[in-house]
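What follows is one structure encoded as structure tokens, with my remarks underneath.
The values are calculated or read from the model by the stated rules, or taken from the named source; none is laboratory data. Fair warning: this is a prediction, and the values are worked out from it, not measured in the lab. Neighbour counts run over all protein chains shown; Cβ positions are idealised from the backbone, glycine included. Note: areas computed on protein heavy atoms with side chains; ligands, DNA, RNA excluded. Shrake-Rupley method; radii C 1.70, N 1.55, O 1.52, S 1.80 Å.
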Amino acid sequence: MTDAEIIDGNAVAGEIRDGLSGAIETLADAGARPGLATVLMGDDPASQTYVNMKQRDCEEVGIDGTHVDVDGDAPAEELYETLEELNADSDVHGYLVQNPVPDHIDYREVIRRIDPAKDVDGFHPENVGRLVAGDARFRPCTPHGVQKLLEAYDIETEGADVTIVGRSQIVGKPLANLLLQKADDGNATVTVCHSRTEELAAKTRNADIVVAAVGVPELVDGSMLAPGTVVIDVGVNRVEADTEKGYELVGDVDFESAREVASAITPVPGGVGPMTRAMLLYNTVRAASEQTGVDVALP
Ligand code: GUN
């Protein structure tokens, strides 16, 4: 078997960002500039990197980015006040609270306090419910990014057996719901595996498409895949390595053995990650369009 095609997330994310430029121009012509706020409580270094990247993305595409830092030791009420201000600010069309939050903060309660119309992560129970009901407003960024990658590479989900490894609120559960919906980018037969799944390899070997989103470095390897499988690696794991930073990033898939068996595979980095960032911009433009009443064409 020849090596798998490498699915280029940077290229597809670039196309989505280009497509958003038209929508942002339409909004600008109507006097509206989309606004995204990021909120970070505490000083987790990985989270700081993520919010910095999100802010840089905003700047590059013409979204008004603002960032709010909340002291990691502050009481929950201080964070809630920030959320109330953002809910009331008509210049902020979407915002997110970067996870993880400090231990004394209940993230579920935080999510419930975000105006669902501004919940560009798509985590609010109203948005989760709408997604499950087949009437999604904001699709969570990573699952939506995975769908866009499959579409860009003409990988059919209709009738496909998809095995998702991981049942998180952010990726596994919403992606499973999206892929089983009666829709052109759905209509798949979905199996969701998790830490208590027995015979994991039997489930992955049975799949046309395997999505690894479990947070275990290199859990899925080539021996667990049938020839010709499409492999989507959502994992971003920092593992110790002899590099300048002392670590390297690896996915949930053992890339080298998987690429020898798969027909197509996403690399880490450069696969799903850039798509997640692009779809956050997409949701922000969508939120701005809905809140300003200016119709736009989304990519
Ligand atoms: N932490 C890791 N992924 C995410 C995400 O998609 N949204 C937020 N808010 N925090 C995260």
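General observations
- Qualifying residue in region 5-18 (condition: open to solvent by 40 Å² or more (accessible area, probe 1.4 Å) and within 23 Å of residue 293 (Cα to Cα)): yes
- Once region 106-141 is narrowed to residues that are open to solvent by less than 20 Å² (accessible area, probe 1.4 Å) and under 14 Å from the mean Cα position of the chain (by Cα), the residue that is farthest from residue 164 (Cα to Cα) is 119.
- Residues of region 206-248 that are free of Cβ contacts under 8 Å to residues at least 40 places away in the same chain, assigned to a strand (DSSP E or B) and not charged (D, E, K, R): 237, 239, 247.
- Consider region 106-132 and keep the residues that are assigned to a loop (DSSP other than H, G, I, E, B) and within 19 Å of residue 286 (Cβ to Cβ). The one that is farthest from the ligand (Cβ to nearest atom) is 115.
- Selection status of residue 59, surrounded by fewer than 20 Cβ atoms within 10 Å (Cβ to Cβ), free of Cβ contacts under 8 Å to residues at least 12 places away in the same chain and more than 15 Å from the ligand (Cβ to nearest atom): yes
- Some residue of region 194-205 being crowded, with 21+ Cβ neighbours inside 10 Å and either at positive phi or not in a helix (DSSP H, G or I) (or both): no
- Any hit, region 264-283, residues being in a loop (DSSP other than H, G, I, E, B), farther than 27 Å from residue 63 by Cβ and open to solvent by 30 Å² or more (accessible area, probe 1.4 Å): no
- In the set (1) touching a Leu at 6+ places or on another chain (Cβ under 7 Å); (2) over 20 Å from residue 12 (Cβ atoms); (3) open to solvent by less than 50 Å² (accessible area, probe 1.4 Å), residue 287 fails one condition alone, (1).
- Test: residue in region 155-164 that is within 16 Å of the ligand (Cβ to nearest atom), outside any loop (DSSP other than H, G, I, E, B) and at negative phi: no
- Residue in region 93-105 that is surrounded by the fewest Cβ atoms within 10 Å (Cβ to Cβ), counting only those that are in a loop (DSSP other than H, G, I, E, B) and within 15 Å of the ligand (Cβ to nearest atom): 100
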